[in-house]
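The values are calculated or read from the model by the stated rules, or taken from the named source; none is laboratory data. A quick note: this is a predicted structure, and the numbers were derived from the prediction, not measured. Note: ideal-geometry Cβ built from the backbone for every residue, glycine included; neighbour counts use all protein chains shown.
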Amino acid sequence: MERKEGGEKDMMAAKKRNRARPWAGYGTERAKSLLLGRRAGDGLLVQTAVFILLLSIAVMYLSPLFYMLSTSLKDVGQLLDPTIRWFPRTFVTDNYGSAIAGLKYGKAVLHTGLTAGIAASLQVVSCALAGYAFARLAVPFKRVLFAVVLLTFLVPVQTLAIPLFVLYSKLGWLNTPLPFLVPAVFAQGIKGALFIVIFRQFFATLPKEMEESAKLDGAGALRTYARIMLPLAKPAMLVVFLFSFVWHWNAYFEPALFLKNQDFLALATQLGRMQSNLNELAGTPAGLATGTFDLNEPIKMAGAVLVVLPPLLLYMLAQKHFVQGIERTGLVE
């Protein structure tokens with residue numbers, strides 16, 4: 001009885017304390033909910049950690065771009081001044097004029113843009129058809145053929161440089177855009193195997209009931225593909241087009257191998273030819289130790305900015321649709 005009375009007294013005392021301090025446990029619970037969150041990812045600690053991680057990644061990727069832009073607006077004196085880090089005292093815009101002349105920018109952008117745009121469009125058409133066949137059609141030895149496609153993606157292009165150069169030389173394709181356009185017609189070219197995989201992944205996720213309904217209406221495989229499946233593949237088509245365009249734009253090895261004269265210019269290779277191009281414009285023989293154009297670091301950085309600027313603008317315009325396409329194609333997986 002005494003123990004029972006003692007327990008009741010303790011309970012009564014606890015109730016009195018709670019009535020005297022009604023908010024005693026609320027502050028702790030609220031702080032816990034704020035820091036850890038009610039669900040995973042809602043807490044302040046998790047959001048702060050994610051923000052710091054994303055900020056670090058952004059700084060890591062944007063620092064080279066900021067360095068290029070900052071250096072391109074300096075002169076040699078400011079570049080060598082240790083007190084100037086990111087922001088020049090005076091902005092030197094003449095570097096961009098020299099870079100445009102050294103790159104032969106107008107002609108190079110036209111040639112590179114047309115080649116990249118046409119090749120990307122051709123790869124979208126051909127790789128979509130190949131990806132649909134691998135995903136939906138009953139093709140004999142389909143798995144073996146798909147393994148061959150993956151093998152072509154794994155083989156470095158440098159190992160095929162000599163055979164390709166000899167082949168294109170005999171066909172008369174050197175110094176023309178044909179080495180980039182003709183393979184794209186047959187779902188090959190730069191990263192063609194990867195684009196087939198992207199389309200195959202996308203078409204494999206679509207429900208089979210749509211094809212069955214089309215068959216009941218009398219549509220064949222090609223008509224089903226053209227009327228039903230291909231319009232649904234717009235996200236994958238956008239992703240492939242942007243990837244292909246940027247990779248053709250930035251390609252250096254293939255243009256340096258197949259484009260040897262100045263009849264057809266690739267913008268990526270023009271960075272290495274800036275010195276000789278500016279020497280020709282200055283009226284001095286290229287290669288002389290004296291009297292040549294002073295190609296300094298700020299001009300080189302201005303040229304680099306000009307090279308990467310068009311793909312950046314293209315991505316900025318298509319960013320929303322590009323991210324949605326990445327999510328729908330399952331490329332992240």
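Quick check on this structure: which one of Y61, Y67 is of a type in the set (F, W, Y), modelled with pLDDT of 60 or more, more than 30 Å from N277 (Cα to Cα) and in a helix (DSSP H, G or I)? Of Y61, Y67, the one residue that is of a type in the set (F, W, Y), modelled with pLDDT of 60 or more, more than 30 Å from N277 (Cα to Cα) and in a helix (DSSP H, G or I) is Y61. For the residues L267, L238, L257, the requirement of being out of contact with any Pro (no Cβ under 9 Å at 6 or more places or on another chain) and among the aliphatic types (A, V, I, L, M) singles out L238. Scanning region 229-279 for residues that are hydroxyl-bearing (S, T, Y), assigned to a helix (DSSP H, G or I) and surrounded by fewer than 23 Cβ atoms within 10 Å (Cβ to Cβ) yields a count of 2. How many residues, within region 206-228, are surrounded by 12 or more Cβ atoms within 10 Å (Cβ to Cβ) and either closer than 25 Å to L150 by Cα or in contact (Cβ under 8 Å) with a residue 24 or more places away in the chain (or both)? Final tally of qualifying residues: 4. Evaluating N175 against the criteria (1) under 21 Å from G131 (Cα atoms); (2) of a type in the set (S, T, N, Q); (3) in a loop (DSSP other than H, G, I, E, B) leaves one unmet condition, (1).
Just one residue in the set A214, A161 is more than 30 Å from L267 (Cβ to Cβ) and in a helix (DSSP H, G or I); that residue is A214. Screening region 142-177 for residues that are hydroxyl-bearing (S, T, Y) and touching a helix residue (DSSP H, G or I) at 6+ places or on another chain (Cβ under 6 Å) and picking the one that is surrounded by the fewest Cβ atoms within 10 Å (Cβ to Cβ) gives T152.
Pairs needed: first member in region 300-312, at positive phi; second member anywhere, assigned to a helix (DSSP H, G or I) and among the hydroxyl-bearing types (S, T, Y); C-beta distance under 7 Å; at least 6 residues apart or different chains. Short answer, once both residue conditions are applied: none. Of all residues in region 151-178, those that are under 12 Å from F258 (Cβ atoms) have Cβ atoms under 7 Å from Cβ atoms of residues that are surrounded by 14 or more Cβ atoms within 10 Å (Cβ to Cβ) and aromatic (F, W, Y), 6 or more apart or on another chain, in V157/F253; Y168/F258; L174/Y168; L174/F258; N175/F264; T176/F264; P177/F264. Put simply, of A302, A289, A236 the only residue that is modelled with pLDDT under 85 and either within 30 Å of S98 (Cβ to Cβ) or of a type in the set (A, V, I, L, M) (or both) is A289.
Is it the case that some residue within region 180-190 is assigned to a helix (DSSP H, G or I), farther than 20 Å from T152 by Cα and not polar (S, T, N, Q)? No, that holds for no residue.
Residue-level analysis places V109 outside the set of residues that are assigned to a helix (DSSP H, G or I) and more than 15 Å from P255 (Cβ to Cβ). Against the numbered list (1) outside any helix (DSSP H, G or I); (2) surrounded by 17 or more Cβ atoms within 10 Å (Cβ to Cβ), V139 comes up short only at (2). Consider P163 carefully, then state whether it is in contact with a Gly (Cβ under 7 Å, 6 or more places away or on another chain) and of a type outside the set (D, E, K, R). So P163 fails the test.
Would you mind stating whether G106 is free of Cβ contacts under 8 Å to residues at least 60 places away in the same chain, farther than 21 Å from L194 by Cα and of a type outside the set (K, R)? In short, yes.
Scanning region 218-271 for residues that are within 24 Å of V166 (Cα to Cα), over 17 Å from the mean Cα position of the chain (by Cα) and of a type in the set (F, W, Y) returns F253, F258, F264.
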